[in-house]
Amino acid sequence: MEIKPGLVLQNTYRIPHEYAAKHIGSGEVEVLATPAMILFMENTCRVGVDKLLPQTQTTVGTHVDVYHVNPAPVGAEIDIHARLLQVDGRRLVFYVEARLGEKIIGYGIHERYIVDKEKFLEKIKEKI
C-alpha cells in the first residue's frame, strides 16, 4: 500500500468518560467532547500512515478544520473514516469523518506532515 491520494483509513473508538465534554471542560454534558473527536481523527490518520512509513519517520498534525454537528454519548462506539485527498511532498491532507452508526458526528479536513523522528526532536532541543 502506498501513501497516495485515495488511501482510506478507518478505526473504531469507544467513548470513555474521560473524553466527555463535562470531564474535559469543553462543555457541561456527558457527550463526546470536540477535542476528543479531533484526537480520534488525528490518531486514525497518524496510525494508518505510520504503518506505511519507515520506522525512522512519523507524521505530525499541523492543521485541523472540523465541524462537530451531532452528539455521541459516553460508552458509544464511533467510527472514524479518513481519506487522503492530497500529497504535496511531505504534506498530507485528509478528509475526516466521525460516525455513530449512519449519523455523522463530525467532519472536516486534517493536515499532517511526514517528519524524520530524530531530526524533529533535535529541532525541539535546539529551541529549549
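We did not get these values from a lab; they are worked out from the coordinates using the rules stated. Here the structure is a predicted model, which means the values were calculated and not measured. For neighbour counting, all protein chains shown are included, and Cβ atoms are generated from backbone atoms with ideal geometry for every residue, glycine included.
Observations, loosely collected:
- Within segment 40-53, the set of residues being touching a strand residue (DSSP E or B) at 6+ places or on another chain (Cβ under 9 Å) and either farther than 18 Å from ARG91 by Cα or free of Cβ contacts under 8 Å to residues at least 60 places away in the same chain (or both) comprises PHE40, ASN43, THR44, VAL47, GLY48, ASP50.
- Scanning segment 52-96 for residues being more than 22 Å from PHE120 (Cβ to Cβ) and of a type in the set (S, T, N, Q) gives a total of 1.
- Set VAL115, VAL96, VAL29, VAL74: member being over 17 Å from the mean Cα position of the chain (by Cα) and surrounded by 15 or more Cβ atoms within 10 Å (Cβ to Cβ): VAL74
- Subset tally (residues that are surrounded by 16 or more Cβ atoms within 10 Å (Cβ to Cβ) and among the hydrophobic types (A, V, I, L, M, F, W, C)) for segment 40-52: 4
- Some residue of segment 87-102 being in contact (Cβ under 8 Å) with a residue 40 or more places away in the chain, out of contact with any helix residue (DSSP H, G or I) (no Cβ under 7 Å at 6 or more places or on another chain), closer than 19 Å to MET1 by Cα and in a strand (DSSP E or B): yes
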